[in-house]
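A short write-up of the structure that comes next.
The values are calculated or read from the model by the stated rules, or taken from the named source; none is laboratory data. On a predicted model such as this, the values are computed, not experimentally measured, just so you know. A quick note on method: Cβ atoms are made from the backbone with ideal geometry, for glycine too, and the neighbour counts reach across all protein chains shown. These accessible areas exclude ligands, DNA and RNA; they are computed on the full protein's heavy atoms, side chains included. Shrake-Rupley method; radii C 1.70, N 1.55, O 1.52, S 1.80 Å.
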Protein chains: 2
Amino acid sequence: MFVERQRQMLNLVLAESALELVQRGIWGAPAVVSDLRRRGKEPGMILLDRSLHHSAMQKLENPEKRGRPDLVHISLLSATGTPLYARGELQVHVHTSQDVILDVARSTRIPKNYLRFRGLMEQALDGKSGGGLVRAYGGTLRDLMTAIGGDPVVGLSSQGKPEELGAFAERLARSRNPVVVVGGFPHGHFSKKTLGVLDELVRIHPDPLEAHVVISRLLYEFEKAIERINR
Amino acid sequence: MFVERQRQMLNLVLAESALELVQRGIWGAPAVVSDLRRRGKEPGMILLDRSLHHSAMQKLENPEKRGRPDLVHISLLSATGTPLYARGELQVHVHTSQDVILDVARSTRIPKNYLRFRGLMEQALDGKSGGGLVRAYGGTLRDLMTAIGGDPVVGLSSQGKPEELGAFAERLARSRNPVVVVGGFPHGHFSKKTLGVLDELVRIHPDPLEAHVVISRLLYEFEKAIERINR
């Protein structure tokens with residue numbers, strides 16, 4: 001795993017992310033077959049995407065939390081567009097709803113073009129290295145947390161305890177090895193399994209916010225907190 | 001035009017954006033023809049996209065500033081994901097390098113899925129209403145500024161005068177009808193024509209930042225400034 005330990009490194013984890021390849025159970029569904037035909041791909045090598053496979057997804061467990069690679073894409077761009085990431089002080093991990101972990105190698109440039117991003121994720125999830133930029137392997141969120149050894153591990157959720165974002169970011173910046181967990185799914189809340197690996201649950205805004213908005217704001221405040229501390 | 005005037009409304013303009021339909025001059029280029037065939041579309045009805053049409057784009061003027069609908073997409077998502085936008089206190093306009101203006105109707109939900117976004121933009125730029133959500137018409141940045149009647153009109157650029165972002169946002173929040181202009185292109189700086197409509201040019205970070213990162217940070221600080229003022 002690409003896990004770094006050094007001063008003021010922040011680990012960001014997108015948890016239970018709605019990112020996966022189309023599963024065998026729905027390979028024969030009309031929406032999937034027509035997508036495969038259009039793209040000239042083998043079944044099991046394309047990303048599940050609600051906007052294309054909606055009708056086929058009703059057979060899946062927890063369909064409302066799955067098939068949103070677009071959310072993962074936007075969230076990764078929000079994280080990797082920051083000066084914090086450019087300086088190598090942010091480590092990004094994606095955990096999926098199907099217990100796959102994707103480590104984003106340091107200073108990887110996530111493609112802004114969605115079609116290229118989709119290709120990269122399809123390669124990585126299919127066990128190809130994705131050019132060494134993104135590596136996928138089976139693992140639970142707990143496995144990832146063990147590898148990172150985070151302290152503290154804080155989940156952000158509208159069900160958490162309210163904390164002003166600037167103060168929260170400064171608390172993180174003063175921690176030994178902080179990990180922030182953000183949900184990589186469109187609706188609903190963290191599962192019990194995810195809640196079980198968190199030390200705390202924090203709410204940073206009165207309204208529920210999209211993952212990419214949470215990430216942008218958190219990383220900005222984290223950068224400002226580091227500047228204040230180093231001043 | 002969807003231009004609103006009321007207290008603490010912020011106008012955000014993405015200027016010289018790299019968003020346009022493929023122009024007649026390159027309809028016959030191999031990269032364009034194969035894309036048209038794949039999508040089953042008529043020429044002139046698809047977005048110019050560097051990741052697909054790179055080889056054909058060298059014939060165009062200013063190719064380095066064009067064909068990046070992905071940047072416009074991410075920037076619009078960063079803006080429309082904010083509580084400020086949800087409260088109806090942010091008006092978003094896109095000006096393109098080819099002098100087309102797109103007004104985003106208030107409380108429009110920009111599709112997060114890129115393929116849906118692409119379809120919406122292709123419809124709007126082709127003169128179809130895009131479901132009334134996005135309306136396109138010919139116009140220069142100066143035309144748009146006249147319609148908004150902004151005061152002040154501030155461009156954000158790495159060539160601008162440094163100003164701390166929190167202080168800048170508060171200055172905007174205390175203005176009568178503030179307009180912020182951000183470049184919607186991948187490289188380079190504002191054209192002379194754009195500089196000509198700006199009252200000031202401000203730099204908010206020592207490093208050049210991507211448009212979506214600038215937008216996320218600015219809107220977050222603007223929300224905080226409004227909270228401070230209203231407290």
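Could you tell me which numbered condition residue A:225 fails, if it satisfies all but one of (1) touching a strand residue (DSSP E or B) at 6+ places or on another chain (Cβ under 8 Å); (2) on the phi < 0 side of the Ramachandran plot?
With respect to (1) touching a strand residue (DSSP E or B) at 6+ places or on another chain (Cβ under 8 Å); (2) on the phi < 0 side of the Ramachandran plot, residue A:225 is out only on (1).
Yes/no matrix, rows are residues, columns are (1) closer than 24 Å to residue B:82 by Cα; (2) more than 14 Å from chain A (Cβ to nearest Cβ); (3) not charged (D, E, K, R):
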{"residue": "B:120", "(1), (2), (3)": "yes, no, yes"}
{"residue": "B:123", "(1), (2), (3)": "no, yes, yes"}
{"residue": "B:135", "(1), (2), (3)": "yes, yes, no"}
{"residue": "B:161", "(1), (2), (3)": "no, yes, no"}
{"residue": "B:169", "(1), (2), (3)": "yes, no, yes"}
{"residue": "B:197", "(1), (2), (3)": "no, yes, yes"}
{"residue": "B:203", "(1), (2), (3)": "yes, no, no"}
{"residue": "B:221", "(1), (2), (3)": "yes, no, no"}
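Return yes or no: is residue A:154 of a type in the set (A, V, I, L, M, F, W, C), more than 12 Å from every other protein chain (Cβ to nearest Cβ) and crowded, with 24+ Cβ neighbours inside 10 Å?
Numbers: of a type in the set (A, V, I, L, M, F, W, C): yes; more than 12 Å from every other protein chain (Cβ to nearest Cβ): yes; crowded, with 24+ Cβ neighbours inside 10 Å: no.
Against the criterion (of a type in the set (A, V, I, L, M, F, W, C), more than 12 Å from every other protein chain (Cβ to nearest Cβ) and crowded, with 24+ Cβ neighbours inside 10 Å), residue A:154 does not qualify.
Among the residues of region A:42-68, what is the count of those that are surrounded by fewer than 19 Cβ atoms within 10 Å (Cβ to Cβ), in contact (Cβ under 8 Å) with a residue 60 or more places away in the chain and out of contact with any strand residue (DSSP E or B) (no Cβ under 7 Å at 6 or more places or on another chain)?
Here the count works out to 1.
What residue, among those in region A:164-186 that are assigned to a loop (DSSP other than H, G, I, E, B) and under 20 Å from residue A:139 (Cα atoms), is most open to solvent (accessible area, probe 1.4 Å)?
Among those residues, the one meeting the criterion is A:185.
Considering only region B:73-84, how many residues are assigned to a helix (DSSP H, G or I) and either more than 15 Å from the chain's Cα centre (by Cα) or on the phi > 0 side of the Ramachandran plot (or both)?
Matching residues across region B:73-84 total 2.
Only residues that are modelled with pLDDT of 95 or more and touching a helix residue (DSSP H, G or I) at 6+ places or on another chain (Cβ under 8 Å): list them for region B:187-206, please.
Scanning region B:187-206 gives B:193, B:194, B:196, B:197, B:201, B:202, B:204, B:205.
I'm checking my understanding of the structure. Among residues of region A:208-219 that are of a type outside the set (A, V, I, L, M) and facing another protein chain (nearest Cβ under 9 Å), which one is most open to solvent (accessible area, probe 1.4 Å)? Before you say what the answer is, go through the steps one by one.
Here is the first cut: in region A:208-219, the ones of a type outside the set (A, V, I, L, M) are A:208, A:210, A:212, A:216-217.
Next, only the ones that are facing another protein chain (nearest Cβ under 9 Å) stay: A:210, A:212, A:216-217.
Values: A:210: 64, A:212: 8, A:216: 13, A:217: 9 Å².
Looking at the filtered set, the residue picked out is A:210.
Do you know which residues across region A:69-117 are among the polar types (S, T, N, Q), open to solvent by 10 Å² or more (accessible area, probe 1.4 Å) and more than 10 Å from chain B (Cβ to nearest Cβ)? Please lay out each step first, then the result.
First, pick out the residues of region A:69-117 that are among the polar types (S, T, N, Q): A:75, A:78, A:80, A:82, A:91, A:96-98, A:107-108, A:113.
Checking which are open to solvent by 10 Å² or more (accessible area, probe 1.4 Å) leaves us with A:80, A:97-98, A:107, A:113.
Selection gives A:97, A:98, A:107.
Among the residues of region B:187-207, which ones are assigned to a loop (DSSP other than H, G, I, E, B) and either touching a Leu at 6+ places or on another chain (Cβ under 7 Å) or surrounded by 15 or more Cβ atoms within 10 Å (Cβ to Cβ) (or both)?
Hits for region B:187-207 are B:189, B:190, B:191, B:197, B:198, B:204, B:205.
Filtering region B:29-41 down to residues that are more than 26 Å from the chain's Cα centre (by Cα) and outside any helix (DSSP H, G or I), which residue is surrounded by the fewest Cβ atoms within 10 Å (Cβ to Cβ)?
By that ranking, first place goes to B:40.
Only one of A:136, A:124, A:147 is modelled with pLDDT under 95 and part of a helix (DSSP H, G or I). Can you tell me which?
A:124
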